[in-house]
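Visitor: What follows is a single structure, and I will ask about it in a moment.
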Amino acid sequence: MKYLYTILFIGFIAIGSSFIAVKDSDSMVNTKITKAYPNPATSYIVFEFDRSVDRSYTLQIYAFYGKKMTELRINDSKLNINLDDSYMRGLYIYQLVDQSGKLIESGKFQVNK
């Protein structure tokens with residue numbers, strides 16, 4: 001009986017592993033925001049962008065509850081945002097959006113004040 005369980009277990013592993021998706025390098029998503037630091041942030045946060053980022057993109061920052069905090073057009077490979085008093089302690093979502101409003105990339109960062 002022990003051997004039967006072992007054979008079944010190995011069979012399930014062999015069959016199950018054939019359903020695992022394999023990512024090849026051609027299908028990898030090219031990220032536009034390469035860094036967002038420091039995280040957690042206190043008084044500022046810096047976003048670094050890939051050189052291929054379109055200058056018509058905007059970076060939008062939302063409080064976790066949905067309020068839009070900042071919207072800035074990308075004009076350089078690095079964007080430094082000062083976190084004024086309206087940025088309270090908590091979680092914030094950033095979104096990189098194109099001219100038509102299509103979401104290109106998003107992420108989150110934390111503010112500790």
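The values are calculated or read from the model by the stated rules, or taken from the named source; none is laboratory data. These numbers come from a predicted model, not from an experiment. Cβ sites come from the backbone with ideal geometry, for glycine too, and all protein chains shown count toward neighbours.
Visitor: Do you know which of the residues in region 91-106 that are part of a strand (DSSP E or B) and out of contact with any Phe, Trp or Tyr (no Cβ under 6 Å at 6 or more places or on another chain) is nearest to Thr58 (Cα to Cα)?
Guide: Checked region 91-106; the qualifying residue nearest to Thr58 (Cα to Cα) is Val97.
Visitor: So in region 70-88, with the set limited to residues that are polar (S, T, N, Q) and modelled with pLDDT of 95 or more, which one is farthest from Ile104 (Cα to Cα)?
Guide: If we take residues in region 70-88 being polar (S, T, N, Q) and modelled with pLDDT of 95 or more, then Ser86 is farthest from Ile104 (Cα to Cα).
Visitor: A further question on this structure: For region 79-113, which positions are closer than 16 Å to Thr31 by Cα, exposed (fewer than 12 other Cβ atoms within 10 Å of the Cβ) and more than 13 Å from the chain's Cα centre (by Cα)?
Guide: Within region 79-113, just Lys102 meets the criteria.
Visitor: How many residues does region 49-69 contain that are assigned to a strand (DSSP E or B) and closer than 14 Å to Phe109 by Cα?
Guide: 6
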